[in-house]
Amino acid sequence: MIGHIRKTLWRLLALLAVLAAVPALADDPPSPAELAKIRTGNAACLACHSEAGLKKPPKDGMDLKALRKYLVHADTYAASDHGQMACTKCHGDGYDDHPHAAKAREELSECQDCHARKAMRIERQFDKSVHAENLSDSFTCATCHDAHTMALASKLRDPHKIVAQDNKICLDCHDSDLAFARIAPEKKKRPPIDDIHDWLPNTRLHWKAVRCIECHTPAEDKLSLSHEIQNKDKAEKKCATCHSANTSLNARLYRHLATEEQHKYGFINSVILGTSYVVGATRNPTLDFGLIILFAATVVGVLGHGLVRIITTRLRRSKKND
Ligand code: HEC
Ligand code: HEC
Ligand code: HEC
Ligand code: HEC
Ligand code: HEC
Ligand code: HEC
Ligand code: HEC
């Protein structure tokens, strides 16, 4: 019963999210009649490509094991950037009947086909990234972007949701030997993501509060985040870039909150106070003092822990050598 109510509420929320997004679309959004037609068409695909379709296949003799890998979640899709589009806009006509046409996959549209102008800027940045330079052509826009689920940061607004969406892209590969090996050059081993960043205290908390791209893309692009993922030597390591009064996060992660919250609180740093407290980034001296002590204690704790580890390993090693 509660599950049912919750589901209905989610559907309502998804609908509201879609409605709220309508005025923001650059292209002419579909009229209600057009949208209804699109939804009916998409429902035909989803009759098979959904949990419900998998449980109760509308047709006998289908390869259900293959189908299981190809499910699209209707509500997530509806709330995504492409939620008002017909599946066939990207997938072509080859999928209208099942079994699907043998060459159906070759007709798949690429991002550039529809977003020419925007893609040109992004492509220029992406072409300079470590992924484009070091990996084969198989690393494309679609390697990172799931066209069925992606939602613009300005639409999500909540920094924690933005961080979760964007970091999932990187972590799904950099935190998985299987996915990493699929695209990495032969013999390249995946460096464990927590080990690489062991200089960052409370690493897993940082993964939840701040994006990989915050530290791994050049800071000069003020209008939007750059797609140029840089070499590790150029990555940001200075704590003060974020943990300071003029934190770079105002221009990046908290950008979509800034204008409104600014009016509400009167000064920009309270944006951070309202969402999560970043040490040193607010102008509340008493709070800062307490937290600086906590912060120092953490750093001392981390250093101390490291020192003890070095000493004990040395001891252990020298014992082994005896
Ligand atoms: C009657 C059930 C059914 C319907 C309706 C259906 N599909 Fe499929 N689809 C499948 C099954 C089963 C597979 C798994 C592999 C196979 O059998 O081709 C699949 C595979 C796919 C694949 C991945 C395989 C590939 O060739 O890349 C895509 C993409 C796809 N379908 C898109 C669509 C779209 C878009 C629609 C609606 C226009 C649609 N399907 C309608 C059953 C269906
Ligand atoms: C904006 C373009 C776009 C729209 C709209 C779209 N898709 Fe896709 N879809 C893609 C791309 C791109 C891929 C290939 C992803 C890849 O190669 O990793 C894909 C892959 C798939 C797959 C195969 C999954 C896989 O892992 O290869 C299925 C099934 C599918 N889409 C079904 C649908 C259905 C059903 C809809 C409508 C509800 C839909 N798509 C709408 C772009 C789109
Ligand atoms: C068949 C055409 C088509 C393809 C292919 C396509 N899109 Fe879109 N996309 C649209 C339409 C239509 C909209 C909604 C209207 C708009 O805002 O332009 C949209 C919206 C978006 C948005 C949000 C609106 C904005 O401000 O840009 C993003 C981001 C986006 N697409 C990214 C992508 C990415 C990444 C790919 C490739 C994986 C892709 N699209 C493939 C047609 C397409
Ligand atoms: C390494 C992963 C990765 C690759 C590859 C990638 N993107 Fe992105 N893209 C992201 C992330 C993360 C964001 C979110 C940044 C933000 O919120 O602005 C994003 C945001 C976007 C946006 C919305 C923000 C904006 O600037 O308008 C568009 C559109 C987009 N990407 C298109 C593309 C296209 C086109 C390609 C291929 C040329 C591509 N992306 C390749 C990770 C990637
Ligand atoms: C599908 C897998 C995949 C995805 C998704 C991906 N990466 Fe990578 N990335 C790789 C591989 C493989 C390499 C190693 C390339 C090489 O051989 O130099 C790499 C290299 C890197 C490097 C360079 C390390 C160095 O040696 O200088 C950084 C930094 C990086 N990725 C960050 C990111 C970030 C941030 C994201 C998300 C926006 C991301 N990656 C998404 C697979 C991926
Ligand atoms: C606070 C800034 C920061 C954040 C957040 C961050 N990184 Fe890094 N990352 C760095 C720095 C600095 C280095 C270089 C470390 C070194 O060389 O000792 C690095 C190194 C790397 C490397 C190179 C590994 C190697 O040695 O080949 C990869 C890959 C990487 N990061 C991926 C990620 C991913 C994925 C995320 C998100 C989950 C992320 N980073 C988040 C700062 C950051
Ligand atoms: C790219 C931005 C960024 C960088 C660089 C960065 N941090 Fe953070 N840090 C954050 C954010 C955002 C939080 C999360 C605040 C929250 O949600 O409570 C955080 C949280 C923390 C916390 C936990 C505070 C608590 O409430 O428990 C500590 C400790 C910390 N950072 C120390 C550091 C140190 C030391 C460095 C440099 C080695 C560093 N950070 C670099 C953004 C950053």
Inter-residue pairs, beta-carbon under 6 Å, first open to solvent by less than 50 Å² (accessible area, probe 1.4 Å) and in the range 239-252, second in a loop (DSSP other than H, G, I, E, B), 6+ apart: Ser244/Gly280; Thr247/Ala281; Leu249/Cys242; Asn250/Ile268
Residues of the range 131-153 classified as more than 6 Å from ligand 4 (Cβ to nearest atom), under 22 Å from Pro185 (Cβ atoms) and either more than 18 Å from the chain's Cα centre (by Cα) or free of Cβ contacts under 8 Å to residues at least 40 places away in the same chain (or both), total: 9
Cross-chain or 6+ apart pairs with Cβ under 8 Å, the range 85-112 first and farther than 21 Å from Thr149 by Cβ, then of a type in the set (Phe, Trp, Tyr) and away from ligand 7 (no atom under 16 Å from the Cβ): Ala101/Tyr95; Ala104/Tyr95
Close pairs (8 angstrom Cβ cut-off, 6 or more residues apart or separate chains): touching a residue at least 40 places away in the same chain (Cβ under 8 Å) in the range 178-200, surrounded by 12 or more Cβ atoms within 10 Å (Cβ to Cβ) anywhere: Ile183/Leu135; Ile183/Phe139; Ile183/Thr143; Ile183/Cys173; Ala184/Leu135; Ala184/Arg190; Pro185/Asn134; Pro185/Leu135
Number of the exception - His197 against (1) of a type outside the set (Asp, Glu); (2) touching a Leu at 6+ places or on another chain (Cβ under 6 Å); (3) at pLDDT 95 or above: (2)
Filter result (over 22 Å from the mean Cα position of the chain (by Cα) and within 8 Å of ligand 1 (Cβ to nearest atom)) within the range 62-85: Met62, Asp63, Leu64, Ala66, Leu67
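Here is a yes/no grid of residues against (1) charged (D, E, K, R); (2) within 16 Å of ligand 5 (Cβ to nearest atom); (3) modelled with pLDDT under 95; (4) closer than 30 Å to Ala44 by Cβ:
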{"position": "Ala132", "(1), (2), (3), (4)": "no, yes, no, no"}
{"position": "Thr143", "(1), (2), (3), (4)": "no, yes, no, yes"}
{"position": "Asp146", "(1), (2), (3), (4)": "yes, yes, no, yes"}
{"position": "Asp158", "(1), (2), (3), (4)": "yes, no, yes, no"}
{"position": "Ile162", "(1), (2), (3), (4)": "no, yes, yes, no"}
{"position": "Asn167", "(1), (2), (3), (4)": "no, yes, no, no"}
{"position": "Leu171", "(1), (2), (3), (4)": "no, yes, no, no"}
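The values are calculated or read from the model by the stated rules, or taken from the named source; none is laboratory data. Note that the structure is a prediction, hence the values are computed from the model and not measured. All Cβ positions, even for glycine, are placed from backbone atoms using ideal geometry, and neighbour counts span all protein chains on display. Quick note on the areas: whole protein, heavy atoms, side chains included, nothing else; ligands and nucleic acids left out. Shrake-Rupley method; radii C 1.70, N 1.55, O 1.52, S 1.80 Å.
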